[in-house]
1. Test each condition in (1) buried (at least 19 other Cβ atoms within 10 Å of the Cβ); (2) more than 27 Å from Leu127 (Cβ to Cβ) for Val59 and report the one that comes out false.
2. Can you tell me which residue is modelled with the lowest pLDDT among those in the range 382-405 that are within 23 Å of Lys348 (Cα to Cα) and of a type in the set (Lys, Arg)?
3. For the range 352-373, enumerate the residues that are modelled with pLDDT of 85 or more, basic (Lys, Arg) and surrounded by 13 or more Cβ atoms within 10 Å (Cβ to Cβ).
4. Which one is nearest to Glu398 (Cα to Cα), of the residues in the range 362-372 that are outside any helix (DSSP H, G or I) and free of Cβ contacts under 8 Å to residues at least 40 places away in the same chain?
5. Does any residue of the range 220-232 turn out to be within 30 Å of Gln30 (Cα to Cα) and over 23 Å from the mean Cα position of the chain (by Cα)?
6. Condition test on Ala54, is it closer than 19 Å to Asn108 by Cα, over 44 Å from the mean Cα position of the chain (by Cα) and in the same structural domain as Val150 (by TED's automatic domain parsing)?
7. How many of the residues in the range 335-360 are under 20 Å from His226 (Cβ atoms) and not in a loop (DSSP other than H, G, I, E, B)?
8. For the range 219-334, list the helices (runs of 4 or more DSSP H) that sit wholly inside it and hold at least 1 residues that are at pLDDT 65 or above and not assigned by TED's automatic domain parsing to the domain that holds Val393; which are they?
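The values are calculated or read from the model by the stated rules, or taken from the named source; none is laboratory data. All values derive from a computational prediction rather than experimental measurement. FYI the Cβ positions are ideal-geometry reconstructions off the backbone, even for glycines, and counts take in every protein chain you see.
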Amino acid sequence: FRLVGLGQINIMTQALDDAAQRVSRYLLMQVLVNAGFGSLFGFGLYCIGVPNPALWGVVAGLLRIVPYVGTMVAAALPIALSLAAFDSWVPPLLVFLLFACLELIIPNFVEPWLYGANTGISSLALLVAAVFWTVLWGPAGLILSTPLTVCVVVLGRYVPQLSFLHTLLGDEVVLGAEAQVYQRLLAMDQPEAHAIVDRFLKEKLLVELYDSVLIPALSLAEQDRHKGAIDTAREEFLFLSINEMITELSEYQLAHDSPPAEDAAESGPAERLSARILCLPANDRADEVTAAMLAQVLEQAGHSALSLPLAHASPAELLALIEKRQDDVICISALPPFAFPPARTMCKLIRQRFPRLKLVVGVWGFSGDTEKAKARFERTQPDRLLTSLAQAVEEIQELIRSKVS
């Protein structure tokens, strides 16, 4: 602790506890694997008819503490005994085949899987680390390869400068679903992007797909677009692909979802028919795509929602197309990183044109303080500032109820 300083005691304590738990789980798994190996080896020797099979099983289990080498020594003894005890070559051959099968399956499949799952190290990293430490320190490095690698992975997890070690050796998924979708669309691999979406929808709801995958993927694209890091062809392909996904998912409804009208049933039939929700993009195509997502989830929740595309129109021209109704709710859809200036401009225009309409602004994926963010709209603050589509469905439903009451 004195080496890292008093200011790092908390992180150092967490790192030591993490390393101790991982090494403890590794040792427990090693005892179980060795016991299983010895039991199978002893049982096989018993079936073959080798004298004292239980003894050789125990010896094999103990010698496996020395990985990759101990089992060879343990197998050499019963093979030599079978050569001396039997006149035929068959028993020694069967002992060798038994050892070969166990040594092929357990070290190459069972051990990497069990050790990796309980130590947080990938199976490939375990094999590479065993070779590395053996070359570096010989037999001692082979015995200590997994505990040493565990310590290296823990360092990478808690020391920012060494985080690449945790990424290289750890078993955590490097890319989330949103980054995978974005990467596949950048590679213009639409089928694989669809496959990622389909796998996500097997366990999650449609609104979660939009909030957790497609909107974050669009946000990544927006960041690269504003940096000039994405070319026009890939940008066009990305937006077309996501628009196609939204169109295909328009009829999506999981069996365990509640019926669309059920969530809005409390508000009454007359209210659902009269209340109209207009989803407007704040500025660009990404905002337009997220507005379409919002309209879709609102329709599936039983509301009358309409998404208006930009179509190269200015905000004022877009508002001129809107026919005013007293019970309308307008939702401005904006996607970071540059969401607030255009959303504020659109909000101001709507307040000037329709001062009494309920106004909602969705800044999707925003993680800051929403009250402070609302203050940035100054005198034209919206009635609600939302950060996710799931929240938008609930808050808009509440707005409609309050207008009726």
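1. Checking Val59 against (1) buried (at least 19 other Cβ atoms within 10 Å of the Cβ); (2) more than 27 Å from Leu127 (Cβ to Cβ), the one that fails is (2).
2. Checked the range 382-405; the qualifying residue modelled with the lowest pLDDT is Lys403.
3. Within the range 352-373, just Lys358 meets the criteria.
4. Ranking the qualifying residues of the range 362-372, first place goes to Val363.
5. Within the range 220-232 (the criterion being within 30 Å of Gln30 (Cα to Cα) and over 23 Å from the mean Cα position of the chain (by Cα)), the answer is no, since none of the residues qualifies.
6. no
7. 7
8. 232-248
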